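Trainee: I have a structure I would like to understand better, so I am pasting it below and will then ask my questions one at a time.
The values are calculated or read from the model by the stated rules, or taken from the named source; none is laboratory data. Because the structure is predicted, anything quoted here is derived from the model rather than measured. So basically every Cβ, Gly included, is an ideal-geometry build from the backbone, and we count neighbours across all protein chains shown.
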Amino acid sequence: MNVKTCSSCRIEKPLSQFGKNRIKKDGLCAACKDCRNARKKQHYYANRDSEIAAARAWNVANPEAAKRNRRASFERNRERINKKARERYAQERDRIAAANSAWRKANPAKCREIKSRRRAAKLQRTPKWLTQEHKRQIFEIYKQALESCKFLGVEIHVDHIVPLQGKNVSGLHVPWNLQLLTGPDNSQKRNRLPEYLEGWRDRDGNKINS
């Protein structure tokens, strides 16, 4: 028998629509996933403040697990999150630009510190063996970013594929480590390695993660 009647909505549904419950005779929950999710959602909104407080307390008590959960949630919803960020940026571009400008004016010392740290990082990660052709290629990439901003009407960043200041590995300021990303995409990436590079191993066989 490949179907079961939900105890809540009384609709006959495929077994795949029921969650697992080992204490039940058939090993499945009595209510279907849709009904259980609806009940959980209703309970959450009816007890929103206490639910949020409990979640925050758990996150504080379990920082590493909370970090893993956030990362897993982002990976599951990466495309939706990035799409939503791009749409939000497009809709609120002027407001975001004004807010950023206001923050820079209100925090000049912090801006100078960030720029100084960024320049220092680039200098430290720019190899002496770069040729004039390599430097020309880097210039062309930054020029392309500026032209793309004007043509597309969106903010385009020059991003280091392997971050200059990663947690366990740092990339170089070289043309083959540069890519163009929209502002929201670059903000989402932050100082992380791209997904296809995660799991690299060093000479000792240890996994390298940004």
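Trainee: Among 101, 16, which is in the same structural domain as residue 183 (by TED's automatic domain parsing), among the hydroxyl-bearing types (Ser, Thr, Tyr) and without any contact (Cβ under 8 Å) to a residue 40 or more places away in the chain?
Mentor: 101
Trainee: So which residues in the range 25-45 are modelled with pLDDT of 90 or more and part of a loop (DSSP other than H, G, I, E, B), if there are any at all?
Mentor: Scanning the range 25-45 gives 27, 29, 30, 31, 32.
Trainee: Follow-up. Going by the structure shown, is residue 104 modelled with pLDDT of 80 or more and under 24 Å from residue 90 (Cβ atoms)? Before you say what the answer is, go through the steps one by one.
Mentor: Numbers: modelled with pLDDT of 80 or more: yes; under 24 Å from residue 90 (Cβ atoms): yes.
Yes; evaluated as a whole, the condition is true for this residue.
Trainee: Here is a further query. Might you let me know whether the range 181-194 holds any residue that is at pLDDT 80 or above and surrounded by fewer than 16 Cβ atoms within 10 Å (Cβ to Cβ)?
Mentor: No - not one qualifying residue is present in the range 181-194.
Trainee: Does any residue of the range 44-63 turn out to be out of contact with any helix residue (DSSP H, G or I) (no Cβ under 6 Å at 6 or more places or on another chain), hydrophobic (A, V, I, L, M, F, W, C) and touching a residue at least 12 places away in the same chain (Cβ under 8 Å)?
Mentor: Among the residues of the range 44-63, not one is out of contact with any helix residue (DSSP H, G or I) (no Cβ under 6 Å at 6 or more places or on another chain), hydrophobic (A, V, I, L, M, F, W, C) and touching a residue at least 12 places away in the same chain (Cβ under 8 Å), which makes the answer no.
Trainee: Say we look at the range 58-86 and pick out the residues that are aliphatic (A, V, I, L, M) and more than 23 Å from residue 154 (Cα to Cα); which of these is nearest to the chain's Cα centre (by Cα)?
Mentor: It comes out as 72.
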